[in-house]
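The values are calculated or read from the model by the stated rules, or taken from the named source; none is laboratory data. Being a predicted model, the structure only gives us computed values, none of them experimental. Ideal geometry is used to build each Cβ from the backbone, glycine not excepted, and the neighbour counts take in all protein chains shown.
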């Protein structure tokens, strides 16, 4: 079984800019080989679990996407994908913003220089539309009701990408 666990955001995480703006989470798993950021992004967005989400987005919000578009996103040749647009990118990170501007998805890789392993990171941020009278983020009841599902789903998404990368050799996904 893949060991996916919650962790603090690593230093330099692009998602950190939202740490005080609302809800932020971070999950990690380690692949025992070198994995490029592009490989991780492609594995994440073209896996069976995420393809179901892509299908839902096509059905519900009319935003279809393809595996080819996911590969273009992974290689830096695309600035939008399904219901997201690229907000920021670095050689080892990708920060996506949904079309409504309220949620962020973030993917990062970190190479282990000693053990030829790669730490995979996946995180999300939810920026509330409203603030309390004291100025603090106010997430609302719908968010609270869906949070447990979100945490499980985030772990499942990362575990699926991890499994694909662990089964593949560099440069080719199963």
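Listed residues 76, 123; which is surrounded by 14 or more Cβ atoms within 10 Å (Cβ to Cβ), over 21 Å from residue 162 (Cβ atoms) and touching a helix residue (DSSP H, G or I) at 6+ places or on another chain (Cβ under 8 Å)?
76
Quick grid of which residues meet (1) within 14 Å of the chain's Cα centre (by Cα); (2) touching a residue at least 12 places away in the same chain (Cβ under 8 Å):
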site	(1), (2)
13	yes, yes
16	yes, no
21	no, yes
29	yes, yes
47	yes, yes
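Restricting attention to segment 12-29, which residues are modelled with pLDDT of 95 or more and either part of a strand (DSSP E or B) or surrounded by fewer than 17 Cβ atoms within 10 Å (Cβ to Cβ) (or both)?
The answer is 12, 17, 24, 25, 26, 27, 28, 29.
Restricting attention to segment 103-124, does a residue exist that is touching a strand residue (DSSP E or B) at 6+ places or on another chain (Cβ under 7 Å), assigned to a loop (DSSP other than H, G, I, E, B), free of Cβ contacts under 8 Å to residues at least 60 places away in the same chain and within 21 Å of residue 58 (Cα to Cα)?
So the first thing to find is which residues in segment 103-124 are touching a strand residue (DSSP E or B) at 6+ places or on another chain (Cβ under 7 Å), and the list is 103-112, 117-124.
Keeping just the survivors that are assigned to a loop (DSSP other than H, G, I, E, B) gives none.
Scanning segment 103-124, I find no residue that is touching a strand residue (DSSP E or B) at 6+ places or on another chain (Cβ under 7 Å), assigned to a loop (DSSP other than H, G, I, E, B), free of Cβ contacts under 8 Å to residues at least 60 places away in the same chain and within 21 Å of residue 58 (Cα to Cα), so the answer is no.
Would you check if there is a residue in segment 79-101 being loosely packed, with under 14 Cβ neighbours inside 10 Å and at pLDDT below 95?
Yes, some residue in segment 79-101 is loosely packed, with under 14 Cβ neighbours inside 10 Å and at pLDDT below 95.
Looking at segment 133-143, can you tell me whether even one residue there is at pLDDT 75 or above and either in contact with a strand residue (DSSP E or B) (Cβ under 9 Å, 6 or more places away or on another chain) or surrounded by 14 or more Cβ atoms within 10 Å (Cβ to Cβ) (or both)? Steps first, answer last, please.
Keep residues of segment 133-143 that are at pLDDT 75 or above, which gives none.
No; the residues of segment 133-143 include none that is at pLDDT 75 or above and either in contact with a strand residue (DSSP E or B) (Cβ under 9 Å, 6 or more places away or on another chain) or surrounded by 14 or more Cβ atoms within 10 Å (Cβ to Cβ) (or both).
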